[in-house]
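Accompanying notes for the structure given below.
The values are calculated or read from the model by the stated rules, or taken from the named source; none is laboratory data. On a predicted model such as this, the values are computed, not experimentally measured, just so you know. Cβ sites come from the backbone with ideal geometry, for glycine too, and all protein chains shown count toward neighbours.
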Amino acid sequence: MIRFIAMRLLQTIPVVWVIITATFFMIRFVPGGPFTAERAVTPEIMRNLEAHYGLNRPLYRQYLDYCGSILRGDLGPSFKYPTRTVNEIIAEKLPVSAELGALSLCVALGLGLPLGVLAAVKRNTWIDYVCSSFAMVGICIPTFVMGPLLILLFAIRLGWFNASGWYGPIDRVLPSVTLGMVYAAYVARLTRGGMLEVLSQDYIRTARAKGASEARIILKHALRGGLTPVVSFLGPAIAGVVTGSFVIETIFQIPGIGREFVNSAFNRDYTLVLGTVVLYAGFIIGMNLVVDVVQVWMNPKLKFE
Amino acid sequence: MMIPRLPRLAALLGALALLAGCAKTDPASAEAAHGRRPQVLRYGNTNEPQDIDPQVVQGTPEDHVIKALFEGLLTADPKDLHPIPGLARSWEVSRDGLTYTFHLRENLRWSDGSPITTDDFLLSWKRMISPRLASEYAYLIYNFVAGAKDYYDGRITDFSKVGFKATGPLTLQVTLINRTPYLLSIIANHYAWNIVPIKVLLRYGALDERSTPWTRLGNFVGNGPFMLKEWIPQERIVVVRNPQYWDAASVKLDEIDFFPTEDLAAEERMFRAGQLDRTQEIPISKIDAYKHEHPELLHIDPYLGIYFYRCNVTRPPLNDKRVRRALALGIDRESLIRNVTRGDERPAYAVSYPGDAGYTPRARLTGTLDDARRLLEEAGYPGGAGLAPIQLLYNTQANNKQIAEAIQEMWRKNLGVASELINQEWKVYLDSQHTHSFQMERAAWVADYPDPHVFLEIWETGNGNNDTLWSNAEYDRLLHSALSAKDDATRYEIYQRLDAILVDELPVIPIFYYTRPYLMSPKIRGYWPNPLDNHPFKDIYLED
């Protein structure tokens, strides 16, 4: 297994390099730069600004310098925020998004798993229909509708929560529920599907024939196999949810990395764009690796190769 | 596995929900121990400021925070923005209008208690025009002050040759290149002339070094009515009363919380949930609802800016001023404002802003639709025939699209002229503008300080913001002569002629003058609507 993980980690190096290179040149070729403004600065001021950030040097030199600083773990200064570095911005914002992501995952799994299992066990009864309808509704209502609706009801009408912000523990509730609901819906559908397939297997019939209780059959025998599709889904989902959701962070004005990720592109904050892309890519690659390992562990039919 | 743990999770979520009922977190809800309810203004501030160093920032959210944390030589009257004493208690202007002498107040102090000296002024201005600092607003000094441009360009390295001088422990003298009648207005309204605490700054780097951490919480020192207490990026900036401020006794607010409310809809919801006392804007779609249901909360103030269509006068058919005029006459501005923009904007029939520092342009775009059709015919396009669709560029924001669609339809119906709408993301659009890769585009100009010069100077040949490529020798000559006019009446007469040239030539098609719709709690007092959206915080207070 260690060999497998080591090989996979080695493979990620060229992938990350390609991502950095492609992003570096793509963002540079987009029209407009970090200092393009409606009120054009005079040419001499522009020259001094470019000199300060090294933008007056040939592009290949800037690229090589950037690669060098990345190897040293330095993601460079932000162009938009003159006194802050990209490392600092990520260190500040990532924990916020990660907290929001972790809480949403709790909501997603806490709601989605039981609903999915329940729907599979009570297949084609009203319970199944209720659970499945919940899942469909959750998938169909986008977060930018769900978020404002929850705010209208719980923050503006009932006054239980702040409409937005990230000040105290209470401010975590609405955003986590909004983001968690979408994932809960997917988790419920995947769990139901996975469980249905497993519940029709021979070994489940055997367990039942041996007189195992229904709870034991579901929790001990069926769930491990039934969750395989959920696990494959969770890898990229965790990467996505932990590295920030632009929509949720905007609706609830949360100081997370998702907003920086999108706004940095609008601001042409070159270094921040690269920093967040590298971060996001790293997470996805890492989570996929974890998923592969977990899947082999969950399914004895698979082997590390 | 997961399921047995679920009850605990459910209990946790339940507990959180219960907490919600009793513990809604409000950063400003604490009652003061000594009985008086603290005066806390919660202010929607659009965006996270780039920084709070007045010499390296450029935007409006920065302006608001800086106005709380700093004060310049002069400050603006909250009612009409005319310059009133700030750090300077008085000033004189020499007879030729080229030398300004400022007399500082005694015992001025930075928020750390250290004295403010004339060195702070001279070195701050030196820093502002240091090429290495690369301040975006350096031109607001080097365009006016004698020798400053040479210093910026490196032609002189001796700062004492620049027109800044301390002629006494409390006296500063500024020498200008030209009579610049609006200089006091700039100093009072714009942070480019603010000073920074040199001693503090030098602890973290060289004088002209950009990006040092001197503005960080803990390091920062200012000289305004408020001082920095908390700064959580993208979350909030909290400033509290500065006891060292020379006029601390008349500051009424205890605290201002600035929130980076970049999403308009979210900002409006925060206001409704009682988290904000004032929003920066309001979504256009909500204006009507507030007009009918809560007119006491909705404010629509005039705003010193113009919305216009810029023509690239080098490209046919817009190189023909008859076509430009026909298109300008083909727009029904009143209907556009009534039905599309709906923010009580004023229709614009000239370029300068009416009533700006006492100046109102007499020139006015006049003519009927018949005149417009006749002009098109004269230009060789009777009824729009033979005219390729006008390509109209706008940025994907606000109501630019709705406005462009309405105007597209007006041109089609009124003149038979077809047009094609092109939208681009903000920076792509700006790039098209600055590289002149457009035929006609939506544009705006908002003043930094109240003076008609702001709206007229940008049409000078070669001005970095004259993206029309229009050039008129007579216009350039008059514009320059205005700066040496002996008084404002003479100067304004010259501006009347400039406005007349613009209305005749129409390198830009004026559409409307902006207004500023926003929401504000009726508790706010000491606040007067003004067209720069400049509301000195030291005058504001809340009424219980």
Next on the checklist: I need every pair where a residue in the range B:85-103 that is among the charged types (D, E, K, R) has its Cβ under 8 Å from the Cβ of a residue that is part of a strand (DSSP E or B), sequence separation at least 6 or different chains.
Outcome noted: B:89/B:103; B:89/B:104; B:92/B:100; B:92/B:101
Checklist entry - How many residues are within 10 Å of chain A (Cβ to nearest Cβ), within 14 Å of residue B:186 (Cα to Cα) and surrounded by fewer than 23 Cβ atoms within 10 Å (Cβ to Cβ) if we restrict to the range B:125-141? => result 2
Item to check | Scope the range A:232-282; condition of a type in the set (Gly, Ala, Ser), farther than 16 Å from residue A:86 by Cβ and not in a helix (DSSP H, G or I); matching residues | outcome: A:245
Checklist entry - Taking into account only those residues within the range B:144-166 that are assigned to a loop (DSSP other than H, G, I, E, B) and free of Cβ contacts under 8 Å to residues at least 12 places away in the same chain, which is nearest to the other protein chains (Cβ to nearest Cβ)? => result B:155
Checklist entry - Do we have residue A:205 as basic (Lys, Arg), assigned to a helix (DSSP H, G or I), over 30 Å from residue A:35 (Cβ atoms) and out of contact with any strand residue (DSSP E or B) (no Cβ under 8 Å at 6 or more places or on another chain) here? => result yes
Next on the checklist: Report every pair of residues separated by at least 6 positions or lying on different chains whose Cβ atoms are under 6 Å apart, first residue within the range B:476-489 and modelled with pLDDT of 85 or more, second of a type in the set (Gly, Ala, Ser).
Outcome noted: none
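So that you can scan it fast, the table gives a plain yes or no per residue for (1) in contact with a helix residue (DSSP H, G or I) (Cβ under 8 Å, 6 or more places away or on another chain); (2) crowded, with 20+ Cβ neighbours inside 10 Å; (3) within 30 Å of residue A:144 (Cα to Cα); (4) among the basic types (Lys, Arg):
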position: A:203; (1), (2), (3), (4): yes, no, no, no
position: A:232; (1), (2), (3), (4): yes, no, yes, no
position: A:243; (1), (2), (3), (4): yes, yes, yes, no
position: A:250; (1), (2), (3), (4): yes, yes, yes, no
Checklist entry - buried (at least 23 other Cβ atoms within 10 Å of the Cβ) and of a type in the set (A, V, I, L, M, F, W, C): does that describe residue A:188? => result yes
Checklist entry - Being within 29 Å of residue B:256 (Cα to Cα) and modelled with pLDDT of 90 or more, is that true of even one residue in the range B:93-104? => result yes
Checklist entry - From the list B:409, B:405, B:377, which residue is free of Cβ contacts under 8 Å to residues at least 40 places away in the same chain, touching a Leu at 6+ places or on another chain (Cβ under 9 Å) and surrounded by fewer than 21 Cβ atoms within 10 Å (Cβ to Cβ)? => result B:405
Checklist entry - What number of residues within the range A:134-149 are more than 10 Å from every other protein chain (Cβ to nearest Cβ), assigned to a helix (DSSP H, G or I), under 21 Å from the mean Cα position of the chain (by Cα) and not aliphatic (A, V, I, L, M)? => result 3
Next on the checklist: Please verify whether residue A:130 is of a type outside the set (Ser, Thr, Tyr) and more than 12 Å from chain B (Cβ to nearest Cβ), treating the condition exactly as stated.
Outcome noted: yes
Next on the checklist: Please go through the range A:143-162 and give me each residue that is of a type outside the set (S, T, N, Q) and touching a residue at least 60 places away in the same chain (Cβ under 8 Å), ordered by number.
Outcome noted: A:144, A:147, A:148, A:151
Checklist outcome for this item: The lone condition residue B:176 fails out of (1) more than 29 Å from residue B:261 (Cα to Cα); (2) crowded, with 22+ Cβ neighbours inside 10 Å; (3) in contact with a Leu (Cβ under 6 Å, 6 or more places away or on another chain) is (2)
Checklist entry - Scanning for something of a type outside the set (Val, Ile, Thr) and modelled with pLDDT under 90, does the range A:75-83 turn up at least one residue? => result yes
Checklist entry - Of all the residues that make up the range B:57-103, how many are away from chain A (no Cβ under 14 Å) and assigned to a loop (DSSP other than H, G, I, E, B)? => result 17
Next on the checklist: So in the range B:273-289, with the set limited to residues that are closer than 17 Å to residue A:151 by Cβ and in contact with a strand residue (DSSP E or B) (Cβ under 6 Å, 6 or more places away or on another chain), which one is farthest from the other protein chains (Cβ to nearest Cβ)?
Outcome noted: B:282
Next on the checklist: Just to be sure I understand, how many residues within the range A:150-171 are surrounded by fewer than 19 Cβ atoms within 10 Å (Cβ to Cβ) and within 11 Å of another protein chain (Cβ to nearest Cβ)?
Outcome noted: 8
Checklist entry - Is there a residue being buried (at least 19 other Cβ atoms within 10 Å of the Cβ), in contact with a Pro (Cβ under 6 Å, 6 or more places away or on another chain), part of a strand (DSSP E or B) and not polar (S, T, N, Q) anywhere in the range B:500-513? => result yes
